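Derivation of every value follows stated rules applied to the coordinates shown; laboratory data play no part. Predicted, not measured: the structure shown is a model, and the values here were computed from it. Here the Cβ is made from the backbone with ideal geometry for all residues, glycine too, and neighbour counts use every protein chain on show.
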Amino acid sequence: MVATHTTRATQPHDAAGPRAGHPGRRGLSPRLSPRLSLRRSLRLSPQAEGLLALLVTVAIWAAFALSARALSASSLLPADAALLRFGVPLVVLLPALWRRRRRIAAVRPGAAAKIICGAGVPFFLAAMHGGALTSAAFVGSIVPGMVPLFVSAIMIRRGHGVPRGTQAAGLALIAAGVAALVWRYVVPVDTDVLAGAGILLVASGLWALYTVGLREVDLDPVGSIGLLCLPSFAVIGVLVLTGVLPTGIAHAAGSDIALFLVVQGLGVGLCAGLLYAFAIRRLGAERSSVVGSLSPVAVVLLAVPLLGETPTFAVLVGVPLITAGVVLANRRPRPEVPADA
C-alpha cells in the first residue's frame, strides 16, 4: 500500500477549503450528499475486506475436501475433475496470462517443477483418490494440516535449524492429531482407510513442495496460476487422449459437471489463489494462516449435512489437535506456510 500523506504545501488549491460560489466538500448539494454518505457507510475497512476474502477462501478449501470425497459417488471420473480444475482458470485468465507469458517462461525449471508437481496432476489425483478411500474430515485435516511439518523437514534438509518453542509444539500437535485420526483403523486393520491416509500424506507432502516452490518464483498470483495450470492441463489432456486415464465426461450428469466446474475450476483453481493473496496483503501472512487453519473444522461441520458423515471420536480429537498445531506452527516466520487447496 502507498502512503497518502500530503503536506499543506503540496495540497491542491481547493484542499484549503471551498471557494466562494464553489460547492466544495463541505458544501455538497443536499441531493448528492445522502448518496455519498450511504456509499461511505457501506464501504468495508481493509481489515474487514481481508477477513471476508479469507473466509471465502476457507469455504473454498472446505469445498475442495468435500468434493474429493463426493467424487467417488459422482458420474465424473478423477481425470474429468482434473480437466475442469486446470482448464477453467486457463480459459478465464487467458488474456492476462498471455501478457505474462515471458515472465512465466523465465521461471527456473527447478522451481517450476516444484509448483507443477506439488499442486498439479500428481497432487490432485492423490487428493481425489485418498478422499475416495477415507472421508472428507481426513482430506480437510491431513492435507493442509501436515504441510507445516513437511515444510519444516524440507527446511531442515536445506540446512536451517530445527524448529523450537511454539513452532515445535505446533508440529508435535499436528503429528498427534494425525495419529489420533488413524489409530482406530490400525486395530483391527482397515487397509482401505490406512491406504487412503497414506495417499493423503503424499498429497500433503506434494503441497509442501508447492509451498516452497512459490517462494522461489517472482510471479504475481495470476502468473502463478498460469504456471501451474497450463502444463497440468496439458499433462492430463495427454493422459486422457492416450487412454492412460479413463474419462466419462461425455456421459456425465450435467449437475455433476456444473458442481465440479464451480467448485474445482472457478473456486479452487481461480478464486482461492487470488483471494488468499488479497487476504495476506490486507491481514498479513500470520493472521491469514491462523484463520485459514479453521478449514478442517469447516470441513467436519459441512460434511455432516452435505455428505451425511458423522464425526467419530477420533475426528473430534484429531481435528482440534491439528488445528491448534497449525496455529502454533505458523506463529514464527520460518517456515511460512500458506494454508491454501
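Side notes on the structure shown:
- Packing-based order for 153-163, 302-312, using average beta carbon neighbours within 10 Å, highest first: 302-312, 153-163
- Remark: spin-label model distance Ala153-Leu241 equals 3.6 nm, labels positioned 7 Å along the Cα→Cβ axis.
- Residues within the reach of a label modelled at Thr312 (point 7 angstrom out along Cα to beta-carbon, backbone nitrogen below 11 Å), restricted to the range 119-139, are 134-135, 138.
- Computed over neighbours whose Cβ is under 15 Å from that of Val193, the net charge equals -1, Lys and Arg +1, Asp and Glu -1.
- Burial order of peptide ranges 91-99, 67-75, 179-187, 119-127 (average beta-carbon count within 10 Å, highest first): 119-127, 67-75, 179-187, 91-99
- Measuring r between the beta carbons of Val162 and Asp190 and using R0 = 41 Å, the FRET efficiency lands at 0.75.
- Translational diffusion coefficient (Stokes-Einstein; Kirkwood radius from C-alpha pairs) of the range 193-293 at 20 °C, 1.002 mPa s, in µm²/s: 132 µm²/s
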